[in-house]
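Every number in this text was worked out from the coordinates using simple rules, so none of it is lab data. Note that the structure is predicted; figures quoted are calculated from it, not measured. Here the Cβ positions follow ideal geometry from the backbone for every residue, glycine too, while neighbour counts run over all protein chains shown.
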Amino acid sequence: MRIMKKTVIVLLALLAAPIPATAGGMISISADKVSIYTAPIMMGGKLLVKAYKGESYLAINETSDWYKVRLEDGSIGWINKSQVVKSEDKVPADMGASVEQLNRERARLDEERRLFEEQKSLIEDMKRLDDEKKGFGSSKNAGNLIVDATGAGDFRTIGEAVAAAASGAKITVKAGLYKEGLIIEKDGITVEGEPGAEVVSSDACTLYFNASTGTVKNLKLMYDGRVSYPCVDIAGGRLLLEDCELAGSTHRGLVIREGAFPIVRRNKIHDARQDGVYVGDNARGTIEENDIYANGMAGIEITSGADPLVRRNAIHDGKGTGIYVYDHGKGLIKDNDIYGNAFAGIAISKGATPIALGNKVHDGLGSGVFVIDHGGGVLEENDIFGNAKAGVEIKSGADPVVRKNKVHDGNGSGIYIADRGRGTIEDNDIYGNVYAGIDIYVGSDPVIRMNRINRNGSGIYVAYGNGKIKDNDLRDNRNGAISTIGNCFIEKSNNVEN
């Protein structure tokens, strides 16, 4: 028993003690298939993931028999030394930035789960308020209030009902045209329209909301005034805006600001003169399953530190960009169908760092994704196709991570990098584009690795640009694998060419 305890103590000491000789070094898998564990086997490590011959990992520590490595998703594993060889390659200069982006991505996915829990909490809050409302019993103003423009209900206008309602009240709006602007600043009120209920304002916002919680459902909301007010203005709190139509505003369709945290779900938002949805001033919230179309500027604009979850929307046929993220905007943009917009499907600029994951971005009149003016973020697992210009365009110091996307069948280049653009372009399928799979112009310096770039006009075309081009499949491009013109500094290794 004493011998066993001493052995465990020695092993723990070995695991805890760093050996700096390999810190920051790269190792490559030498066996056909190996196991990566959560810890060395003698310490009870369990299988974490399988790795295959030729794959490389960053070693951050070691014992006499094991390497501690950082995996692609940022997690930590252990590999037996007998199954790897130490690579002579230096750690890529951009590895730190890539790992940082990966860690941020994992945090954002965790944030999505947290947002889901907050949505559940919001629903529970509304249920509690509904239960409290039932407890009032005989109080008319805390129960169900009926609004009917014909005079057959409790009130002729929605504004009168809101003014009279107590916290927890439900206001049912009968079919009809209500020419008024709604102001909701009381907590827990639900306003729900019956089919044919329409609200039109000419003097101010059609709906202004600033309360802790509330619900607005099944209304058609329109603003036709000459002064620049949005149709709906959420200035704070947690509004559930669901199954409404926001139509024809002379300003923005929906504004979310001042740290508001709404749920905007299954609405039609269209024909606003400016943006369909604007999210700014550190606002957050969830924008999901909406049909956002034919707006005069962006379908959704995210700016000034705003950080919403934007998922499963159709954003299409706008006169500007599909989604525009700028001025340090963030956001998780996931599983949207973005198509037919006059400019880029997604545009990122001025220090914005969103994560775009699993979207379809297609058939636009500009580039699929346009990253400019020191924009960043992560583009991953998107399907980008059929756009009039480049699938992804990176310019003016922008530095995104572009990973595991399909960029194909475009009428320009697959990925176009110019004007000191950078970026990490890795593990993408880039094919069937009219011009080059990747164009690099004028002082740009991307890292391009582990991509499959096939059946394009040319593989990679470099004009007065730089870059690191490693481990790519560049076969079957019409004008060759890699072409250069002018002064270029290109580091090439392990590419498969024609």
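Taking amide hydrogens as placed 1.01 Å from N in the peptide plane, the amide H of Lys268 sits under 5 Å from those of Cys244, Glu245, Leu246, Asp291, each at least 5 positions away in sequence or on another chain.
Per-residue 3J(HN,Hα) values for region 291-299, derived from phi via the Karplus relation 6.51 cos²θ - 1.76 cosθ + 1.60 with θ = phi - 60°, read 10, 10, 8, 6, 8, x, 10, 6, x Hz in sequence order (x marks Gly and Pro). Per residue, the convex hull spanned by the alpha carbons of region 383-453 comes to 63 Å³. Shown here is the pair-distance distribution of region 267-360: with all Cα-Cα distances grouped in 5 Å bins from zero up to the longest one, the shares run 4, 17, 28, 28, 19, 3, 0 percent. Sorted from greatest to least, the principal axis extents spanned by the alpha carbons of region 225-382 come out as 36, 28, 26 Å. Once backbone amide H atoms are built at 1.01 Å from N, Phe370 has Ile346, Ala347, Ile348, Glu393 as its partners under 5 Å, excluding neighbours fewer than 5 places away on the same chain.
Here the peptides 56-65, 435-444 are ranked by packing, the mean other Cβ count within 10 Å, and the order with the highest first is 435-444, 56-65.
The gain in end-to-end length when the Leu177 to Asp154 segment is fully stretched comes to 6.6 nm, 0.36 nm per residue minus the alpha carbon separation.
Only Cα sites of region 373-498 enter the Debye sum here, all with the same form factor; the resulting log10 I(q)/I(0) across q = 0.12, 0.15, 0.18 1/Å is -0.34, -0.55, -0.83, listed in q order. What the Cβ-Cβ distance of Asp317 and Asn494 gives, at R0 = 51 Å and to the nearest 0.05, is a FRET efficiency of 0.70.
Amide H contacts under 5 Å for Ser413: Ala390, Gly391, Tyr435, restricted to partners 5 or more places along the chain or on a different chain, H placed in the peptide plane at 1.01 Å from N.
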